[in-house]
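Asks: This is the structure I have questions about; it appears just below.
The values are calculated or read from the model by the stated rules, or taken from the named source; none is laboratory data. Because the structure is a prediction, the values reported are computed rather than measured. Ideal geometry is used to build each Cβ from the backbone, glycine not excepted, and the neighbour counts take in all protein chains shown.
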Amino acid sequence: MLALLRASDDASADEAPDPTVDRLVLASFVGNVLVLLAKIGVLALSFTLSVIGSTVDSLLDIAGGLIIYLSSKEAKRTSLHAFPAGRARAEPVAIVVLSAVMSMAGLLLAREGIGSLARG
């Protein structure tokens, strides 16, 4: 079984990274940062709950992209001696953690919105 893991690990290590994918990931990240900065500017002008929610969503998009990118890189560079089963579970665990954080942010914003509506 260890030989099978080693063979699959070597096959993924031999694949050359596609520079187009790297450029697209970087462009997406830069675009998300620009959107976040624009939303922060709007938030400074109009401190409304909908703008706060949209800004938090943009911030979580950036955090999610970074978490998935870093966990994917970490899963690819694994030592079979230190991690015999590999690190293939790093990315799904990161996605579960990120979705929990996003859910909590959504619930907090919903609670604030309902409280604001109740207060009038």
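Asks: Among the residues of the range 1-48, count how many are small (Gly, Ala, Ser) and at pLDDT 85 or above. Explain how you work it out, then say what you get.
Replies: Step one: list which residues in the range 1-48 are small (Gly, Ala, Ser), which gives 3, 7-8, 11-13, 16, 27-28, 31, 38, 41, 44, 46.
Now drop any that are not at pLDDT 85 or above, which leaves 27-28, 31, 38, 41, 44, 46.
Total meeting the criteria: 7.
Asks: Failed condition for Leu109, given (1) within 15 Å of the chain's Cα centre (by Cα); (2) surrounded by 13 or more Cβ atoms within 10 Å (Cβ to Cβ); (3) modelled with pLDDT under 90, with all others met?
Replies: So Leu109 meets the others, but not (1).
Asks: List pairs: first in the range 61-73 and charged (D, E, K, R) and in a helix (DSSP H, G or I), second buried (at least 16 other Cβ atoms within 10 Å of the Cβ) and modelled with pLDDT of 80 or more, Cβ under 7 Å, 6+ apart or cross-chain?
Replies: Asp61/Asn32
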